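Notes to accompany the following structure.
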Amino acid sequence: MFMNTLHVDSIIKNIGDRLLLSDIFFTCQTKEIKALFGRNGTGKSTLFKIITGIEHAEQKFIKVNRDIIIDVNTSYKKVNYLPQHHFIPKHLKIRELIHLMCSETTIGKIIIHPIIRESYNKNSYQLSTGERRFIEVMVMIYSNAKFTLLDEPFNALSPIHKEHIQQAINDAAASKGFIITDHDYRSVLNLTQTTMLLTNGVLKQMSDPILLKEGGYL
Amino acid sequence: MLNWNQVKTLVLFYKRMLIPTFFFTALIGLSSYSITGAYSLVQFGIAFMFVLPLMHYFLNEVLDHTAYYFYFTQGLSKLYLRTATGIISIVTMIISACL
């Protein structure tokens, strides 16, 4: 299988006078699952939005293999972003969503889940918060992009659904890379090989999750 | 150049705006008819040119603003969608004026 590489370099982002992100650098490859931790307001979601071209940065250099990412039009086939809030348009049917975002081979893996099978012909506004979130996360995990950035994928989910999500991430990681941030750090640490901590605008690679305590996150 | 998935996404984006846009355009047309006693395609085009962007704003920026993230996953930025709405409005107005 061809190994894709997401290369994130030199990201600088100011909000007002405050330096939110300072010279962020990391890479992610196919089959890698990386965890990104940080206290509230440290810029994790902003970093994800900058990577996918949704948000502007003072400086950035992002590429997937040789293709440079500038905006959503250049990123969407390569890097997808799951926001921490609902994103499916209320009028959209779940089957329309699945067929737009996933390939024929991955659709089968999604619709085996009872929640998704039962919601298949429903509009997203007819679903509960948890059902909607579960579908959003599953669709993103199995989306066609080479890398998926998951912002709080375990939020609002029951323990059994968190397990399904973990299994799906492990399964999909055979062909893509993931970067996950969630304050349910135990669920994330179960999945990841590499941990990163964002603190005071600086990204630190952690060799051991125990260091999260020293970094002031736990 | 748009791919097939982007075309389908745009159809889904405008599908829900179509009925309310036509409804309010017709309503404006009726009010205009009751005042002037006449209604033409040009009036329809002018009303449509204002109602479609208003519907775009109300449905996508007020009622369901987080849904933009779905359109981002299909490579359609906010700017792209707003520009498309503007172009559709103006083209509809020009066509109705020419007919």
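Data for the structure
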| item | result |
| --- | --- |
| Members of the range A:95-112 found to be touching a helix residue (DSSP H, G or I) at 6+ places or on another chain (Cβ under 8 Å) and either assigned to a loop (DSSP other than H, G, I, E, B) or of a type in the set (Asp, Glu) (or both), listed by number | A:Glu96, A:Ile111 |
| 1 or more residues within 11 Å of another protein chain (Cβ to nearest Cβ): qualifying helices (runs of 4 or more DSSP H) within chain B | B:4-36, B:68-73, B:78-98 |
| Residue match in the range A:207-215 (condition: hydroxyl-bearing (Ser, Thr, Tyr), closer than 19 Å to A:Asn80 by Cβ and free of Cβ contacts under 8 Å to residues at least 60 places away in the same chain) | no |
| Residues located in the range A:63-95, provided they are closer than 23 Å to A:Asp182 by Cα and either away from every other protein chain (no Cβ under 11 Å) or touching a strand residue (DSSP E or B) at 6+ places or on another chain (Cβ under 7 Å) (or both) | A:Lys78, A:Val79, A:Asn80, A:Tyr81, A:Leu82, A:Pro83, A:Gln84 |
| Members of the range B:24-81 found to be more than 29 Å from A:Val72 (Cα to Cα), in contact (Cβ under 8 Å) with a residue 40 or more places away in the chain and of a type in the set (A, V, I, L, M), listed by number | B:Leu41, B:Val42, B:Ile46 |
| Top-ranked residue in the range A:66-89 [being in a loop (DSSP other than H, G, I, E, B) and among the charged types (D, E, K, R); ranked as surrounded by the fewest Cβ atoms within 10 Å (Cβ to Cβ)] | A:Arg66 |
| Which numbered condition A:Thr27 fails, given (1) more than 14 Å from every other protein chain (Cβ to nearest Cβ); (2) more than 27 Å from A:Ser207 (Cα to Cα); (3) free of Cβ contacts under 8 Å to residues at least 24 places away in the same chain | (2) |
| Residue match in the range A:185-192 (condition: surrounded by 18 or more Cβ atoms within 10 Å (Cβ to Cβ), part of a loop (DSSP other than H, G, I, E, B) and polar (S, T, N, Q)) | yes |
| Search result, residues across the range A:113-137 that are part of a helix (DSSP H, G or I), aliphatic (A, V, I, L, M) and away from every other protein chain (no Cβ under 14 Å) | A:Ile115, A:Ile116 |
| Tally of residues being assigned to a helix (DSSP H, G or I) and either among the hydrophobic types (A, V, I, L, M, F, W, C) or closer than 25 Å to A:Tyr76 by Cβ (or both) across the range A:138-183 | 11 |
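Laboratory data are not the source of any read-out in this text; all were calculated from the coordinates shown. What you see is a predicted model, and the numbers here were worked out from it, not measured in a lab. Here the Cβ is made from the backbone with ideal geometry for all residues, glycine too, and neighbour counts use every protein chain on show.
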